[in-house]
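Undergrad: Below: one structure in structure tokens.
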Amino acid sequence: MSLHLIDYEKNGRLFFQPDVARHIVRSLRKKTGEEMFATDGRGMVYKARIETLDEKIFQATILEETFIPLNWKASVACSLVKKDSRFEYFLEKATEIGVHRITPIRSERTLKPRLRLDRAQKIIEAAVQQSFNPYVPILDDVISLPQYLEKVIPENEEKYIATAIDRGALPLLEQQYSGINPVHILIGPEGDFTPSEVELAIQHQWVPVSLGSNRLRTDTAASMVVQMIKSCYHIKSRTTT
């Protein structure tokens, strides 16, 4: 079963972008009159019947609609990495798990300062549809670490910076995280944040945490913390939604 992103909804009908329509027509071989599922990317899931089957003009009539509330919000600010494919892996996996916001950052040890945002957005949208996730994560423009740390985050929202500096002396993320929602996580580049960057984050009330004793790639760490936060939220808030 697939979930397809709509372009817009009007008068009980769903309209789709050509690339989504092309996938439905060519790959899934859907036919007029068949039922399908779609989303607006903001929590609304539609059950619909295909009316106009064309790669350029694809429409469906809404049969049912259900709103899926967003119960947890994890925002990950992650350093860009040298290989595009590694960062794209993170985008895909974090979206499948349910990340709320992704902010690509440049730090002192970041080797590649740019990101093709148009390609990144397509990867995110494809992952949303594949994973039946009714929420499209927010993808920010690339920003430097000092600029990111200047952003105002409400005091009741927890903020963690993952680092291997003094790894053995730091609490594990899953131990430190209280289950409060939303939560923000900083993930550094290959080679970690510099000590001065960690100190700057601490000055902005970010709490340093460890992700364990193993050395992780940036994309692995960033993907892992999303699942870790999701699991901890469900356990510590005693919810199964």
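The values are calculated or read from the model by the stated rules, or taken from the named source; none is laboratory data. Predicted model, so just to flag it, every value in this text is computed and none were measured. Cβ atoms come from the backbone with ideal geometry, glycine included; neighbour counts cover every protein chain shown.
Undergrad: What pairs can you find where one residue is in segment 113-132 and under 14 Å from ALA94 (Cβ atoms) and assigned by TED's automatic domain parsing to the domain that holds ARG101, the other is in a loop (DSSP other than H, G, I, E, B) and hydroxyl-bearing (Ser, Thr, Tyr), and their Cβ atoms are less than 8 Å apart, with a gap of 6+ or different chains?
TA: Qualifying pairs under 8 Å: GLN130/SER2.
Undergrad: Quick one: count up the residues across segment 162-177 that are within 21 Å of the chain's Cα centre (by Cα) and either surrounded by fewer than 12 Cβ atoms within 10 Å (Cβ to Cβ) or in a helix (DSSP H, G or I) (or both). Can you show your working first?
TA: First, pick out the residues of segment 162-177 that are within 21 Å of the chain's Cα centre (by Cα): 162-163, 173-174, 177.
Among the residues that remain, those that are also either surrounded by fewer than 12 Cβ atoms within 10 Å (Cβ to Cβ) or in a helix (DSSP H, G or I) (or both) are: 173-174.
The qualifying residues number 2.
Undergrad: A further question follows. Answer yes or no: is there a residue in segment 125-135 that is in a loop (DSSP other than H, G, I, E, B), under 14 Å from the mean Cα position of the chain (by Cα) and surrounded by fewer than 16 Cβ atoms within 10 Å (Cβ to Cβ). It would help to see each step written out before you state the result.
TA: We begin by selecting, within segment 125-135, every residue in a loop (DSSP other than H, G, I, E, B); these are 132-134.
With under 14 Å from the mean Cα position of the chain (by Cα) added as a condition, the list becomes 132-134.
Then drop every residue that is not surrounded by fewer than 16 Cβ atoms within 10 Å (Cβ to Cβ), which leaves 132.
For segment 125-135, residues in a loop (DSSP other than H, G, I, E, B), under 14 Å from the mean Cα position of the chain (by Cα) and surrounded by fewer than 16 Cβ atoms within 10 Å (Cβ to Cβ): present.
Undergrad: Could you tell me which numbered condition LEU149 fails, if it satisfies all but one of (1) under 15 Å from VAL99 (Cβ atoms); (2) touching a residue at least 40 places away in the same chain (Cβ under 8 Å)?
TA: Among (1) under 15 Å from VAL99 (Cβ atoms); (2) touching a residue at least 40 places away in the same chain (Cβ under 8 Å), LEU149 violates only (1).
Undergrad: Where residues in segment 204-233 are among the aliphatic types (A, V, I, L, M) and assigned to a loop (DSSP other than H, G, I, E, B), which of them is nearest to LEU170 (Cα to Cα)? Quick ask: steps written out before the conclusion?
TA: Going residue by residue through segment 204-233, those that are among the aliphatic types (A, V, I, L, M) are 207, 209, 211, 216, 221-222, 224-226, 228-229.
Okay, now just the ones that are also assigned to a loop (DSSP other than H, G, I, E, B), so 211, 216.
Numbers: LEU211: 9, LEU216: 16 Å.
So, considering only residues that are among the aliphatic types (A, V, I, L, M) and assigned to a loop (DSSP other than H, G, I, E, B), the one nearest to LEU170 (Cα to Cα) is LEU211.
Undergrad: While we're on this one: Considering VAL152, VAL99, which residue is farther than 30 Å from ILE6 by Cα, assigned to a loop (DSSP other than H, G, I, E, B) and hydrophobic (A, V, I, L, M, F, W, C)? Break it down stepwise before answering.
TA: Values: VAL99 fails: farther than 30 Å from ILE6 by Cα.
Testing whether each residue is farther than 30 Å from ILE6 by Cα, assigned to a loop (DSSP other than H, G, I, E, B) and hydrophobic (A, V, I, L, M, F, W, C) leaves just VAL152.
Undergrad: In the set LEU70, LEU91, LEU14, which member is at pLDDT 90 or above, closer than 30 Å to PRO189 by Cα, surrounded by 19 or more Cβ atoms within 10 Å (Cβ to Cβ) and of a type outside the set (Val, Ile, Thr)?
TA: LEU91
Undergrad: Of the residues ILE202, ILE235, ILE180, which single one is more than 19 Å from the chain's Cα centre (by Cα), modelled with pLDDT under 95 and either hydrophobic (A, V, I, L, M, F, W, C) or crowded, with 21+ Cβ neighbours inside 10 Å (or both)? First the steps, then the outcome.
TA: Details: ILE202 fails: modelled with pLDDT under 95; ILE180 fails: more than 19 Å from the chain's Cα centre (by Cα).
Only one candidate passes the filter, namely ILE235.
Undergrad: Taking segment 8-50, which residues are charged (D, E, K, R) and farther than 14 Å from ILE62 by Cβ?
TA: To start, the set of residues in segment 8-50 that are charged (D, E, K, R) comprises 9-10, 13, 19, 22, 26, 29-31, 34-35, 40, 42, 47, 49.
Scanning segment 8-50 gives ASP19, ARG22, ARG26, ARG29, LYS30, LYS31, GLU34, ARG42.
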